[in-house]
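Okay, structure first, notes after.
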Amino acid sequence: MTSAITIRPVEARDAARWRELFTAYGVFYETAFDDAVLDGVWAWLTDAGHPLICLVAELDGEVVGFAHVRDQPDTFTAGPAWFLDDLYIVPEVRGSGAGTALLEAVAAHARSHGGGTVRWITAADNERAQRVYDRLATRASWVTYEWEV
């Protein structure tokens, strides 16, 4: 790929494209986001006081991926930590380095805001993403639970 991937914070002008990509991300995980969810998450991303931020990957002027990350205080260190909620790259750009660039930008954001550990989860069958993750990070031994309350 001859074009460079640019990583930057999401901007208001990205609303329609972010919505399209976040919807596709939901489809990938067999989830249909309704307008209330899409509007709610976008409101968080555009609220400077909300802990969730969004970084986007841009290729040739088009947003081709995003990462949602938030601070998550770490009780084991009494210090900062981070949770990567969502990472998505459009299928036709996967393998270009966009995912790695987004992860490195998340790490840079964490370092510039006190450091700590960045954590995330992925589906057990998302093997392509796991190859990238295994190259950059340490696979944790923790078991994840969900409880709808």
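Total residues in the stretch 55-82 satisfying the condition of being touching a Ser or Thr at 6+ places or on another chain (Cβ under 6 Å) and either of a type in the set (Ser, Thr, Tyr) or in a loop (DSSP other than H, G, I, E, B) (or both): the figure is 1.
Scanning the stretch 117-142 for residues that are over 20 Å from Thr77 (Cα atoms), of a type outside the set (D, E, K, R) and assigned to a loop (DSSP other than H, G, I, E, B) returns Ile121, Thr122, Ala123, Ala124, Asn126.
All conditions but one from (1) crowded, with 18+ Cβ neighbours inside 10 Å; (2) in a strand (DSSP E or B) apply to Asp85; the one that does not is (1). Counting only residues that are part of a helix (DSSP H, G or I) and free of Cβ contacts under 8 Å to residues at least 40 places away in the same chain, the stretch 88-98 holds 3 of them.
Taking the listed residues Tyr25, Tyr29, the one that is loosely packed, with under 14 Cβ neighbours inside 10 Å and under 19 Å from Thr122 (Cα atoms) is Tyr29, with no other qualifying. Of all residues in the stretch 93-117, those that are within 16 Å of the chain's Cα centre (by Cα), closer than 22 Å to Phe28 by Cβ and open to solvent by less than 40 Å² (accessible area, probe 1.4 Å) total 10.
Give me the pairs, please: first residue somewhere in the stretch 32-59 and closer than 26 Å to Glu104 by Cβ, second residue anywhere and assigned to a strand (DSSP E or B) and hydroxyl-bearing (Ser, Thr, Tyr), beta-carbon distance under 6 Å, and either six or more positions apart or on two chains. Going by the 6 Å Cβ cut-off, the qualifying pairs are Glu58/Thr6. The residue list Leu38, Leu59 contains one member that is over 14 Å from the mean Cα position of the chain (by Cα), surrounded by 13 or more Cβ atoms within 10 Å (Cβ to Cβ), modelled with pLDDT of 95 or more and closer than 25 Å to Arg135 by Cα, which is Leu59.
The values are calculated or read from the model by the stated rules, or taken from the named source; none is laboratory data. Given the structure is predicted, the values throughout are model-derived calculations rather than measurements. With ideal geometry, Cβ positions are generated from the backbone for all residues, glycine too; neighbour counts draw on all protein chains shown. Keep in mind that these areas ignore ligands, DNA and RNA; they rest on the heavy atoms of the full protein, side chains included. Shrake-Rupley method; radii C 1.70, N 1.55, O 1.52, S 1.80 Å.
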